[in-house]
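Structure, as structure tokens:
The values are calculated or read from the model by the stated rules, or taken from the named source; none is laboratory data. Just so we're clear, the structure is a prediction, and the values are computed from it rather than from any experiment. Cβ: placed from backbone, ideal geometry, glycine included. Neighbour counts: every protein chain shown. These accessible areas exclude ligands, DNA and RNA; they are computed on the full protein's heavy atoms, side chains included. Shrake-Rupley method; radii C 1.70, N 1.55, O 1.52, S 1.80 Å.
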Protein chains: 4
Amino acid sequence: MLRYKPNYVPGPTNVRENVRLAMAREVSNPDIDHEFIPYYEEVCKKMGKIMGTENEVIILAGEGILALEAAIASLTEPGDRVLVLDNGLYGNGFKDFVSMYGGEPVVLSFDDRNEIPVEEVRNFLEKDHDFKYATIVHCDTPTTVLNDVSTICPLLKEYGILSVVDSVSGMVGEPIDVDKNQIDICCAGSQKAISAPTGLAMVSVSEDAKHAMKDRKTPIASFYANILVFEGYKEKGILPYTMPVNLIEALDVALDNILNEGLENVYARHAKIARAVRKAVEAYGLKQYIQSGFSNTVTGVVVPKEIGAIRLQQHIQETYNLYLSTSHGQYEDVILRIGHMGENAYVDQVLAVLNVIDQGLRDLGFEGNRNLAQLFVEALIEGRIDTA
Amino acid sequence: MLRYKPNYVPGPTNVRENVRLAMAREVSNPDIDHEFIPYYEEVCKKMGKIMGTENEVIILAGEGILALEAAIASLTEPGDRVLVLDNGLYGNGFKDFVSMYGGEPVVLSFDDRNEIPVEEVRNFLEKDHDFKYATIVHCDTPTTVLNDVSTICPLLKEYGILSVVDSVSGMVGEPIDVDKNQIDICCAGSQKAISAPTGLAMVSVSEDAKHAMKDRKTPIASFYANILVFEGYKEKGILPYTMPVNLIEALDVALDNILNEGLENVYARHAKIARAVRKAVEAYGLKQYIQSGFSNTVTGVVVPKEIGAIRLQQHIQETYNLYLSTSHGQYEDVILRIGHMGENAYVDQVLAVLNVIDQGLRDLGFEGNRNLAQLFVEALIEGRIDTA
Amino acid sequence: MLRYKPNYVPGPTNVRENVRLAMAREVSNPDIDHEFIPYYEEVCKKMGKIMGTENEVIILAGEGILALEAAIASLTEPGDRVLVLDNGLYGNGFKDFVSMYGGEPVVLSFDDRNEIPVEEVRNFLEKDHDFKYATIVHCDTPTTVLNDVSTICPLLKEYGILSVVDSVSGMVGEPIDVDKNQIDICCAGSQKAISAPTGLAMVSVSEDAKHAMKDRKTPIASFYANILVFEGYKEKGILPYTMPVNLIEALDVALDNILNEGLENVYARHAKIARAVRKAVEAYGLKQYIQSGFSNTVTGVVVPKEIGAIRLQQHIQETYNLYLSTSHGQYEDVILRIGHMGENAYVDQVLAVLNVIDQGLRDLGFEGNRNLAQLFVEALIEGRIDTA
Amino acid sequence: MLRYKPNYVPGPTNVRENVRLAMAREVSNPDIDHEFIPYYEEVCKKMGKIMGTENEVIILAGEGILALEAAIASLTEPGDRVLVLDNGLYGNGFKDFVSMYGGEPVVLSFDDRNEIPVEEVRNFLEKDHDFKYATIVHCDTPTTVLNDVSTICPLLKEYGILSVVDSVSGMVGEPIDVDKNQIDICCAGSQKAISAPTGLAMVSVSEDAKHAMKDRKTPIASFYANILVFEGYKEKGILPYTMPVNLIEALDVALDNILNEGLENVYARHAKIARAVRKAVEAYGLKQYIQSGFSNTVTGVVVPKEIGAIRLQQHIQETYNLYLSTSHGQYEDVILRIGHMGENAYVDQVLAVLNVIDQGLRDLGFEGNRNLAQLFVEALIEGRIDTA
């Protein structure tokens, strides 16, 4: 048994008690209970509601990254040209999946401190648009930048380019609107803003994407990352492998928590908190890493160089027993990330975390303008505080 | 929420209460808690103890079949010749994975009513042994036949052929002894005789197997099914993706349940029950499908043709609210399977199930010699009854 | 931690998983949450529905016996004459409570093998009816006899005598119909046929009973067993002590389980099983202790003298690891009790238990006519089997 | 189901997850499992360890107040003179229990803003010491005053007067040392600093107290509040009623939590937090109600008259969704109570609560000297912060 440690990072997030207790229930046998497939479909449709889509949604037994690999594995044939839109670590990383499955990634890179400039994409596409599909990251968590899928994806559609969107860390924090935004494959994971336990990956698949998969000349070079093995499961009455029922029951309750609160209320809660965190950080005298494309799920704060993000994180961990996270790669010693997503997006939690960050910075010699938590409360109050 | 239905099949098995309650606990964050990696390793080693190996064991976030795919994906390079030993549905199925990853499967098929005849394998190998590796299913559940990995795998080793053993349904019901039997990759799933929730796949990997993976000329054509992405995770301090901690904590408790009972006791419990079920079935006047290679985890009973396995199963489901399972493919209407593995291998459960099967057969016109449950109890008593 | 042991006795009964998981929830603070008192009242009213009454129902924080003491303590003034109807151990035991609180118990005793003969009570009352109240046990569990409260209580009412009914073990197994039967105080406990955890005692209190309490000349000589300390709690907005919320939430779910199944269905389930157990026992060649007044919650079987109930119970415990219960006092070595109440009243459980009893008797030299479990199934089938 | 509401009051306190999950376990049958009585005794002895006593400890199935009534009911005979030491609401309240059971309470009242002055008690006793026993409240929660049982109880012993101490709210927050302090009956409840669910009352009983109970001329006028009904339960192998096993298993885990942390560490944690809260309150510009006898389990803050404790509490409840508690009786609109006991005595919780109180006071027009939470942190740091 691993000892629990208080933590506050951009996922995995806290899992609400009713979700955890749902996992403790004795579950039915998914291979033999004829009610399981309708139930599975029902949970998939709930997931679709949260994604804003009527497309088929599939829940895969695996971590979020399996959703990305499944999208790429199912679409890519050897030689396919794929446009990789990149303004961050995850954006760039898509190219490796593309190559792995025999595709030719064309990486279009942008400044990592701003959201992808849609006009530049448009200009590029005017000249070169012979791509089977393009990949976009909704929220690139290492830098916390959010890309505007509502303009990029329809633009791709104009050129007949399918879109694969990684919204693992973006979804629920703000609308993803898969149908409205004409996203062909949207990828999600259970442990981020959905606040279910880690272990499930979800994809929505448009008819266009399905056609592309079915029209392949070569077979999909994977079973576990093959979206088509789920094709027609309802009619056939069989799923490709034994489903992790406990996790699916947990996901079901987590989705209910969101839908019962109301999607609009959930978005508003994220927006309110994110806005106040950003205001507080700036008023305190610190900077965010990014200059545009602020996500409502996470804030990336540049830690003063003389302190360093790693040292701050370790100091807070050792002194205040709170586990925070810096970032990855070149950002590791630069950015401290405050992940206010899903069940972590409540005022009392943010308050406690900001208090500790304030104290930790002070201990290491940085004096902010007033108390960071107090500034956060004041920013909240400007509108109206609502701690629920 | 899916309504629970009483069921008794060869997996997923019952999950003990302490395993289920472990899942309800608030878990630590595996990405940020520095104690997670040592904990993960500890659970992997416990798994190794149950497999009887000092080889590295890796727990993958996926259903049992991911273990099979990971073994094949990681070993197979285009053009590799692979020996597929086949005396059942799962045995035969390995050839598809081999082809999918570019290998050339050579299928050596045997009678499906008997364990693989080792002498015939030996004769075959004398003539042709140019294989990178061979695949063997330990217990092929559709027919319930158990293969003797303790002679087959060392034989393969003599010829320098790596072995990949699917022991998803065999393990824990009887010793698998990976090291003693020189098994290179042994595959397991959480939901069979281990009696943890579905969602984890486990592989043990020998040094020979690792060398084969590292000496490849082509990269492994998968991320999620790539065993090498775990290579050196302890030293690097990072795992390839966020681990499903709740499932791993549950697995940990399930493994403790087994080790606390004592592996020898667990094997003895399975053996005692399996023997008594087989005796009872025969004394009752029914036949098993197989003639040799009886597994201690499951018994396959041939249902009289005039009744049919499907009709019997449906009758019992509708009349007695007990969900049993027939088999797959050509066996579907032939075999009723009684899965006495893991937490399902206790006298009281088997007793109740046999009572119902007895009644169900009687209802449909088959009169056995005396009561099936009573026969089971008598077979148990011949030695000594021990219901615990 | 106490190791769980399989048991099957007339209470405490099994507690369903949803009831147990409800107890694991983080609960609100009953002293400070203004929604608690309405919630408490709601659960009390649900309890009233099960009792068949519009009278006020109070849930006390204590074991079932507290309900009995509270009834007696609240009604009895020094010198009060109280009629104690007695055809069993618990019936007789009421006299001690009456004396303890200064009353004068008049014990009217009857044969312990039959329900109380109402005509004899009527004859007695014609001659002597100067009683403040009378006590009756609904189901006297040591002998398993059930008394007909539907004729006794209205009869008492004719004479202006209040009735205190102990239905701790009878309720839910058959209708108690408090209002129809004019029962003034009806006592219940959480752990019998209601199948909630032990720790709550419930009383329904009629207006007549309340008047009697309020018209006392002496104060009630207890706080914890004083029903009147709950008087007006809704208006005052305060309960006499901190309520055990976890237990109340558990009771709430247990009551929902009953009401969702439907009271009539619950009664039918008990009746069907009880009838079949009784038939099977007789056909097997054993006798019940009682000759009339059969309860649907428990069956008392006379164990052959040469074996003895205690020896049978111990043999079964040691050999089959099943904990059964004999009886109390003079019945201890005579009666084996099969408690089929609440969550213990399902076919599969009774089947397993009867199988073990059959085997245990056989081991000790008693040969019944055929298998006891089989006889039970046949008795069930005569109507129609329904195992749910 | 009652919706959970965040709250922070002097009990019931938070119940740790492992305690709550222990309640969800399927429990053994306490009436029939021969291991239950040894287990019950083991938990009683753990409770004794926490009380600092070798005396017999009894766990009663009821709320904490049952412990007080049981002490008084078991000791008091009609006509007994009892000394009631009173410097608060609960202290004074003991006289009603004494009268209820026929005793003659002699109330010795002191200033409610200070601990009981031992010298005055000594002076009084010199003149009048003909008392069977005396009652003392350890921590009188309405005012938060703590009395020095370490001098009062030995003093009573000098005069041959038995002592009954209500330590329901004091225990665990500071040592009670029953044996060292010669306390004859010490009363506790599960839901205060022990942080187990509500529903269990505990008493330790000295040999002197037992003699007094056994030497009575009149029987104890209660069953449920009679300590003697537990006499010899181990030898007899039977307890007076069915024990609430789920609650006892929960208590067991809660006691383990305390003992695993180490009693000294638990006391230190309470002391550190209590000291810092008191310092912060004073530095902020508010006063405590009491002037001496500060308890480590709760702090009573006088709310400025122009605001009023009730208004402050309601404002915070409505605006910040945090349920706090004022006090009782004449203190209700005067004192806001901050209950830092048991699982509520952790830095992060106090921090969050003080933040909200600070904000609430500010909203209603009171400007403290700086931020209350910040002052608390600074007071902690003077020594060394330790948030665990």
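Miscellaneous remarks
- If you go through the range A:1-19 and pick out every residue that is part of a helix (DSSP H, G or I) and within 21 Å of the chain's Cα centre (by Cα), you end up with 1.
- Odd one out for residue D:334, checked against (1) surrounded by 22 or more Cβ atoms within 10 Å (Cβ to Cβ); (2) modelled with pLDDT of 95 or more; (3) in contact with a helix residue (DSSP H, G or I) (Cβ under 7 Å, 6 or more places away or on another chain): (1)
- In the range C:23-80, residue nearest to the other protein chains (Cβ to nearest Cβ) [restricted to those that are of a type in the set (S, T, N, Q) and within 22 Å of the chain's Cα centre (by Cα)]: C:74
- Test: residue in the range A:353-365 that is away from chain D (no Cβ under 11 Å), modelled with pLDDT of 90 or more and open to solvent by 50 Å² or more (accessible area, probe 1.4 Å): yes
- Within the range B:20-50, the set of residues being among the hydrophobic types (A, V, I, L, M, F, W, C) and within 19 Å of residue B:171 (Cα to Cα) comprises B:43, B:44, B:47, B:50.
- Taken together, the residues in the range D:42-58 that are open to solvent by 20 Å² or more (accessible area, probe 1.4 Å) and touching a Leu at 6+ places or on another chain (Cβ under 8 Å) amount to 2.
- Count of residues meeting criterion [exposed (fewer than 14 other Cβ atoms within 10 Å of the Cβ) and either within 13 Å of chain C (Cβ to nearest Cβ) or touching a Ser or Thr at 6+ places or on another chain (Cβ under 7 Å) (or both)] in the range D:215-235: 2
- Considering A:371, A:344, the condition of being modelled with pLDDT of 95 or more, of a type outside the set (A, V, I, L, M) and either over 26 Å from residue A:174 (Cα atoms) or buried (at least 22 other Cβ atoms within 10 Å of the Cβ) (or both) is satisfied by A:344 alone.
- Residue D:87 vs. criteria farther than 17 Å from residue C:63 by Cβ, out of contact with any Phe, Trp or Tyr (no Cβ under 6 Å at 6 or more places or on another chain) and more than 14 Å from every other protein chain (Cβ to nearest Cβ): no
- Given (1) within 13 Å of chain A (Cβ to nearest Cβ); (2) open to solvent by less than 10 Å² (accessible area, probe 1.4 Å), index of the condition residue B:176 fails: (1)
- Scope the range B:127-168; condition under 24 Å from residue B:79 (Cβ atoms), in contact with a Phe, Trp or Tyr (Cβ under 7 Å, 6 or more places away or on another chain) and either hydrophobic (A, V, I, L, M, F, W, C) or part of a helix (DSSP H, G or I) (or both); matching residues: B:161, B:162, B:164
- All conditions but one from (1) acidic (Asp, Glu); (2) farther than 21 Å from residue A:218 by Cα; (3) assigned to a loop (DSSP other than H, G, I, E, B); (4) away from every other protein chain (no Cβ under 14 Å) apply to residue A:120; the one that does not is (3).
- Here is the figure for the range D:239-263: residues that are open to solvent by less than 10 Å² (accessible area, probe 1.4 Å) and among the small types (Gly, Ala, Ser) total 2.
- Helices (runs of 4 or more DSSP H) completely within the range B:198-282 that count 3 or more residues being within 16 Å of residue B:56 (Cβ to Cβ): B:207-214, B:233-236
- Selection from the range B:267-315 of residues that are charged (D, E, K, R) and touching a Phe, Trp or Tyr at 6+ places or on another chain (Cβ under 9 Å): B:269, B:275, B:278, B:279, B:306
- Residue that is under 23 Å from residue D:16 (Cα atoms) and not polar (S, T, N, Q), where the choices are D:197, D:219, D:154: D:197
- For the range A:1-14, a tally of residues being within 7 Å of chain B (Cβ to nearest Cβ) and crowded, with 24+ Cβ neighbours inside 10 Å returns 1.
- Tallying residues that are touching a strand residue (DSSP E or B) at 6+ places or on another chain (Cβ under 7 Å) and open to solvent by less than 40 Å² (accessible area, probe 1.4 Å) within the range A:81-109 yields 13.
So that you can scan it fast, the table gives a plain yes or no per residue for (1) open to solvent by less than 20 Å² (accessible area, probe 1.4 Å); (2) touching a residue at least 60 places away in the same chain (Cβ under 8 Å):
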{"residue": "C:265", "(1), (2)": "no, no"}
{"residue": "C:279", "(1), (2)": "no, yes"}
{"residue": "C:287", "(1), (2)": "no, no"}
{"residue": "C:291", "(1), (2)": "no, yes"}
{"residue": "C:297", "(1), (2)": "yes, yes"}
{"residue": "C:303", "(1), (2)": "yes, no"}
{"residue": "C:309", "(1), (2)": "yes, no"}
{"residue": "C:315", "(1), (2)": "no, no"}
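- Within the range C:59-76, being open to solvent by less than 10 Å² (accessible area, probe 1.4 Å) and either touching a helix residue (DSSP H, G or I) at 6+ places or on another chain (Cβ under 9 Å) or farther than 12 Å from residue C:187 by Cβ (or both) holds for C:59, C:60, C:61, C:62, C:69, C:70, C:71, C:72, C:73, C:74, C:75, C:76.
- Residue C:290 vs. criteria more than 14 Å from chain B (Cβ to nearest Cβ), over 22 Å from residue C:191 (Cα atoms) and not acidic (Asp, Glu): yes
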